[in-house]
Amino acid sequence: MIAGAMARASSEVQNWTEAFCYGLDTKMTESFCKEMEAELGFPFRVCESAKEAVSSADVIFTQTPGSKTVLELDWLKPHATIIASGSDQPTKNEIPAEVQAASKMVCDLVRQCKSVGELRSAIAAGTMKESDVYAEIGEVVNGDKPGREGDELILVDLTGTGAQDAAIGQVAWDVLGGSK
């Protein structure tokens with residue numbers, strides 16, 4: 001569900017020519033790829049490993065609740081962008097601390113990411129401090145801080161915020177006819 005929403009939304013603002021997908025359940029990944037390819041009109045390739053998917057991609061979306069990392073620094077293109085939006089909780093750890101430290105890191109809310117986001121694991125490992133975070137996403141969206149400034153590794157740690165949840169809830173309410 002989240003992966004489909006990310007594919008749909010990102011393809012509205014990016015002119016993707018292909019997608020690389022990996023999941024633990026191969027049949028589910030194949031089904032997802034077929035559905036997205038038919039809907040979005042560009043090839044979705046099922047990869048045999050996370051390494052294969054990640055090393056092929058310029059933009060990586062991770063959506064896991066897992067406590068084990070899903071990629072490694074040496075798998076990434078130097079200019080990759082990672083959007084980490086999996087189920088956030090104190091045990092989640094999709095992105096290795098060394099990847100976080102090597103990245104221009106943007107958080108939705110630093111105070112929340114340091115508790116339940118990816119940032120938590122980098123702080124615990126001693127590879128980052130809260131002050132190492134480049135920006136909160138609002139600062140980039142508002143133009144207070146620039147986004148990409150060349151070939152740099154970017155990590156966006158999204159934990160979800162009350163304001164985001166409220167906005168999503170309002171849209172769902174409106175779309176589902178709750179305001180009629």
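The values are calculated or read from the model by the stated rules, or taken from the named source; none is laboratory data. Since the model is a prediction, treat every value here as computed from it, not as a measurement. For neighbour counting, all protein chains shown are included, and Cβ atoms are generated from backbone atoms with ideal geometry for every residue, glycine included. Calculation scope for accessible area: heavy atoms of the full protein, side chains included, ligands and nucleic acids excluded. Shrake-Rupley method; radii C 1.70, N 1.55, O 1.52, S 1.80 Å.
Would you work out the relative contact order for segment 1-84, in percent, from Cα pairs under 8 angstrom that are 6 or more residues apart? Once divided by the residue count of segment 1-84, the mean separation gives 28 percent. Taking every protein chain into account, the 1.4 Å probe leaves I137 with about 60 Å² of accessible area, to the nearest ten.
Adding -39500 (n - 2.57) for every DSSP H run of four residues or longer, then dividing by how many residues the chain holds, sets the calculated 222 nm ellipticity at -11500 deg cm²/dmol.
The residues of the chain expose on average 57 square angstrom of accessible surface per residue, using a 1.4 Å probe on protein heavy atoms.
Summary value for segment 40-124: 26 percent relative contact order, contacts being C-alpha pairs under 8 angstrom separated by 6+ residues.
If R0 is 22 Å, the Cβ-Cβ spacing of E35 and K77 corresponds to a FRET efficiency of close to 0.25. Among S11, A38, P65, whose Cα lies farthest out toward the positive end of the dipole of the chain, if unit charges sit on the beta carbon of Lys, Arg (+1) and Asp, Glu (-1)? Projecting each Cα onto the dipole axis, the largest value belongs to P65. Sites counted here are GluC sites (Glu not before Pro) in a DSSP loop (not H, G, I, E or B) having no more than 10 other Cβ atoms within 10 Å; the longest part of the chain that contains none of them is 49-148. Less than 18 Å from a label point 7 Å out along the Cα-to-Cβ axis of K27: which backbone N atoms in segment 39-55 qualify, by residue? Within reach of a label on K27, which here means backbone N under 18 Å from a point 7 Å along Cα→Cβ, segment 39-55 contributes 46-47.
Is the shape of segment 83-134 best called rounded, prolate or oblate, per the rule: a/c under 1.5 gives rounded, else a/b larger than b/c gives prolate, else oblate, with a ≥ b ≥ c the square roots of the Cα gyration tensor eigenvalues? It is rounded, given that a/c, with a ≥ b ≥ c, falls under 1.5.
Once C-alpha pairs closer than 8 Å and six or more residues apart are averaged by separation and normalised to the residue number of the chain, the relative contact order reads 18 percent. Net charge dipole, the chain: roughly 340 debye, given to the nearest 20, about the Cα centre with Cβ charges of +1 for Lys and Arg and -1 for Asp and Glu.
Within the accessible area of the chain, what % is carbon and sulfur when the probe is 1.4 Å and the other protein chains stay in place? That share works out to 55 percent.
Picking from G117, H79, Q89, whose Cα lies most toward the positive end of the charge dipole for the chain (charges on Cβ: Lys, Arg +1; Asp, Glu -1)? Value computed over the given set: Q89. Membrane-span-like helices in the chain: DSSP H runs reaching 18 Å or more (Cα, own axis), mean Kyte hydropathy at least -1.0? For the chain, where a helix must reach 18 Å along its axis and average at least -1.0, the hits are 26-40, 162-175.
The trypsin sites (Lys or Arg not before Pro) found in segment 65-114 that occupy coil by DSSP, while having at most 11 further C-beta atoms within 10 Å, are K68.
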